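The block underneath contains the structure these notes are about, expressed in structure tokens.
The values are calculated or read from the model by the stated rules, or taken from the named source; none is laboratory data. Predicted model, so just to flag it, every value in this text is computed and none were measured. We place every Cβ from the backbone using ideal geometry, glycine too, and count neighbours over all the protein chains shown. Ligands, DNA and RNA are stripped out before the accessible areas are found, and what is left, the full protein with its side chains, is counted by its heavy atoms. Shrake-Rupley method; radii C 1.70, N 1.55, O 1.52, S 1.80 Å.
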Amino acid sequence: MKPTARRVFTTGIAVLVPFFLLMTAIRLLLTPVFLQIEYRMPGFPADPYGFSLDDRLHWSRISVEYLVNNAGIEYLADQQFQDGTPLYNERELGHMVDVKVLVQQMLVAWRILAGVLVVLGVWAWRGRWLPLFLN
């Protein structure tokens, strides 16, 4: 590999990998397992509104599912407490739409980065400069 191409390749990998790792960490935070672990951490504060652990896990799971699925805002707008009170008010629903747009864009970028890194890895492997890729 030519020195200029080598420098461009290594710089590109050095720039892409941190973004990929950051997005992977964010994606891991958007899982039910993370919610289970986080809410059960010692010293995790009690809910000021009186939600039990089961309530918090139930409603947070629904909220995270909304962020990563393809459903519209009605997915959250239809959620109600037992007394019929909506889970989210209009302002909160608008905020959740904004968050979903951002999360969905991040997930697309994450998948693209993963694809690019896989293609570059295969290219490095086939070109017999995999050690350069891995460094």
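Per-structure values
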read-out: Within the range 30-57, tally of residues that are part of a helix (DSSP H, G or I) and surrounded by fewer than 12 Cβ atoms within 10 Å (Cβ to Cβ); value: 3
read-out: Residue that is in contact with a helix residue (DSSP H, G or I) (Cβ under 8 Å, 6 or more places away or on another chain) and more than 30 Å from residue 120 (Cβ to Cβ), where the choices are 37, 73; value: 73
read-out: Given (1) without any contact (Cβ under 8 Å) to a residue 12 or more places away in the chain; (2) touching a strand residue (DSSP E or B) at 6+ places or on another chain (Cβ under 8 Å), number of the condition residue 72 does not satisfy; value: (2)
read-out: Failed condition for residue 134, given (1) farther than 21 Å from residue 19 by Cα; (2) open to solvent by 80 Å² or more (accessible area, probe 1.4 Å); (3) over 22 Å from the mean Cα position of the chain (by Cα); value: (1)
read-out: Among (1) more than 21 Å from the chain's Cα centre (by Cα); (2) within 30 Å of residue 134 (Cα to Cα); (3) of a type outside the set (A, V, I, L, M); (4) open to solvent by 50 Å² or more (accessible area, probe 1.4 Å) - the single one residue 18 does not satisfy; value: (1)
